[in-house]
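Attaching a single structure in structure tokens format; questions to follow.
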Amino acid sequence: MKDGLENNFKEALNNFEIPYDAKAWESLNKKLSAKKWYQTTQVKWSAAMIIAIGILAYFTLPNSATDTLKESQDKTSKRKTNSSITVSPNQSKSSPSTQKSLVSKGTNPKEIDPVMSTGQIPPVVITELIPHSIPLILDQTDVLGLTDQAIDRQEPTPSYNGRIAIIDFKNRCQGETLQLEADKHHMVIIEYAGEELHFSYHEAISLKLTEPGKVILTANTGPYGQFEEFGSFIVSSAPTLNIHADRILNYEDGLPKMSIQAEASEGHITWHSTNILNTSTGKNVELLAFDKGFAIVEVQATGTNGCTAKEKEMIQIPSDYNLLAVNAFNPQSQDSRNNTFMPFALTIRQTPFRLIVLDPDNGGLVFESTDASNAWDGIDRRDGKLVPSNKAYIWKVVIQHPVQGEKGEYRGTIVRM
């Protein structure tokens, strides 16, 4: 009885159906299909904002980002072309069971995906959309508004012309100086005497060639900035040369002379001086030193290869030349060299002269001679008497044929003791 009642209730519930009301369904359908004004407007504004953000990102992204998007798109297209099914690395493409599981995955929700059962996450394929409707603008200065603005530009690198300076690569001699003007486009390296000398941009080159050998000039003159040799020359050796002066005046012929010697390894020797030299060639010369002061002497040796060597010497002249005359004499002396007056240089020089002695008080002529052997013995020619002692008298000598660099007139004072 109880079982029969329960069965009746079950059967009544299972067969229960709500009667169809056409008006009720029509009213519900109108409520569901009704659209509100803000829903349509919101969709439009969202779409406009997305398009604006896409345009801004397209023009502001760097070129590398654009290249990355294109590369990703190419990879995506290639992946879609090769296969529409993504297979994990641990799966075999030839396994039919795996393909069957992937295909039936969407039809049976109770079936367990064999890929998920392994605990691995399948790769996700992302399709990237490129707004091809946006035109490609090549000139970015137009976009940024810089077309009419002055843009600072760096000075372009000069075109390669095979050289950096106008230089004569003729062979040079030891002792010369290599000069190159400053160059603002190249660095220069000079290989010389076993060393590398580096000269940077804007640096002028002044190099004393002190050693014989080869000089190689290298600079970044290549078309791609590489260092290349752009010239070389040879430095030839110059003769060795030394100069030596005695620095002592000698009067062997009555003239003030100083002997100077030059020592050279080879070549022809020439001399130059601010004073008179007795010769201009040879290894030995004599300097005529008439006036107190300094004389500059220069000697040059020229080798067979055309190279020269020069040396200079500054020589001090201690006193003026005054015919080696004394300033006092004693007529009563027994020494013949001291009991008369005659400038000593006139006794050994073979030159015509005139000697006169004058009284300083009145300018009267006391003595006169044109012969070196006729010296003044202290007698006044005006009265025939010995002049007073300790009185200074004026003497004067006029040389008729002075040597080169010599003055023609000499003066001094003489006292009778």
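The values are calculated or read from the model by the stated rules, or taken from the named source; none is laboratory data. Since the structure is predicted, the reported quantities are computational estimates derived from the model, not experimental observations. Glycine also receives a Cβ, built like all others from the backbone with ideal geometry; neighbour counts cover every protein chain displayed.
Identify, from the list ALA328, ALA345, the residue that is out of contact with any Cys (no Cβ under 8 Å at 6 or more places or on another chain) and under 22 Å from ILE276 (Cα atoms).
Within the list ALA328, ALA345, the selection yields ALA345.
Among the residues of region 278-319, which ones are in contact with a strand residue (DSSP E or B) (Cβ under 9 Å, 6 or more places away or on another chain), assigned to a loop (DSSP other than H, G, I, E, B) and either surrounded by 16 or more Cβ atoms within 10 Å (Cβ to Cβ) or of a type outside the set (Lys, Arg) (or both)?
Within region 278-319, ASN278, THR279, SER280, GLY282, ALA289, PHE290, ASP291, GLY303, ASN305, GLY306, CYS307 qualify.
Shifting gears a bit: Quickly run through region 296-313 and pick out the residues that are closer than 13 Å to ASN275 by Cβ and at pLDDT below 95.
GLU313, the sole residue that qualifies.
Could you list, in sequence order, the residues of region 344-373 that are under 19 Å from ARG416 (Cα atoms), surrounded by 15 or more Cβ atoms within 10 Å (Cβ to Cβ) and not small (Gly, Ala, Ser)?
Matches in region 344-373: PHE344, LEU355, ILE356, VAL357, LEU358, ASP359, VAL366, PHE367.
If you don't mind, there's one more thing I want to ask. Which of (1) assigned to a loop (DSSP other than H, G, I, E, B); (2) over 30 Å from THR281 (Cβ atoms); (3) out of contact with any Gly (no Cβ under 8 Å at 6 or more places or on another chain) is the odd one out, the single condition ARG382 does not satisfy?
(3)
I'd like the residue in region 190-224 that is hydrophobic (A, V, I, L, M, F, W, C) and buried (at least 17 other Cβ atoms within 10 Å of the Cβ) and, out of all such residues, is nearest to the chain's Cα centre (by Cα).
Ranking the candidates gives PHE199 first.
Out of ILE243, ILE248, which single residue is surrounded by 14 or more Cβ atoms within 10 Å (Cβ to Cβ) and of a type in the set (Val, Ile, Thr)?
None of the other options fit; the residue is ILE243.
Of the residues that make up region 358-372, is at least one touching a residue at least 40 places away in the same chain (Cβ under 8 Å) and among the charged types (D, E, K, R)?
Among the residues of region 358-372, not one is touching a residue at least 40 places away in the same chain (Cβ under 8 Å) and among the charged types (D, E, K, R), which makes the answer no.
Looking at ARG349, is it assigned by TED's automatic domain parsing to the domain that holds LYS407, within 17 Å of GLY408 (Cα to Cα), free of Cβ contacts under 8 Å to residues at least 60 places away in the same chain and in contact with an Asp or Glu (Cβ under 8 Å, 6 or more places away or on another chain)?
No, not satisfied.
Out of the residues in region 401-417 that are touching a Ser or Thr at 6+ places or on another chain (Cβ under 7 Å) and assigned to a loop (DSSP other than H, G, I, E, B), which is surrounded by the most Cβ atoms within 10 Å (Cβ to Cβ)?
The selected residue is MET417.
For a quick check of your reading of the model, give me the residue pairs whose first member lies in region 299-328 and is farther than 30 Å from VAL235 by Cβ, whose second is buried (at least 19 other Cβ atoms within 10 Å of the Cβ) and not aliphatic (A, V, I, L, M), with beta-carbon atoms closer than 6 Å and at least 6 apart or on different chains.
Close Cβ pairs satisfying both conditions: TYR321/PRO256; ASN322/TYR410; LEU323/PRO343; LEU323/TYR410; ALA325/PRO343.
Contact list please: Cβ distance under 6 Å, first residue in region 227-256 and free of Cβ contacts under 8 Å to residues at least 12 places away in the same chain, second residue assigned to a loop (DSSP other than H, G, I, E, B), pairs at least six apart or on different chains.
Listed pairs, sorted by first residue: GLU228/THR221; GLU228/GLY222.
If you don't mind, another one. Conditions: (1) surrounded by 15 or more Cβ atoms within 10 Å (Cβ to Cβ); (2) in a loop (DSSP other than H, G, I, E, B). ILE394 meets all but one. Number of the miss?
(2)
Then there's this: Which one is farthest from the chain's Cα centre (by Cα), of the residues in region 234-256 that are outside any strand (DSSP E or B) and among the β-branched types (Val, Ile, Thr)?
So the residue we want is ILE248.
From (1) exposed (fewer than 13 other Cβ atoms within 10 Å of the Cβ); (2) on the phi < 0 side of the Ramachandran plot; (3) under 21 Å from the mean Cα position of the chain (by Cα); (4) not in a strand (DSSP E or B), pick out the condition that doesn't hold for HIS186.
Of the numbered conditions (1) exposed (fewer than 13 other Cβ atoms within 10 Å of the Cβ); (2) on the phi < 0 side of the Ramachandran plot; (3) under 21 Å from the mean Cα position of the chain (by Cα); (4) not in a strand (DSSP E or B), the odd one out for HIS186 is (1).
Something else now. With the condition kept exactly as written, say whether any residue in region 218-233 is touching a Gly at 6+ places or on another chain (Cβ under 8 Å), in a loop (DSSP other than H, G, I, E, B) and modelled with pLDDT of 90 or more.
no
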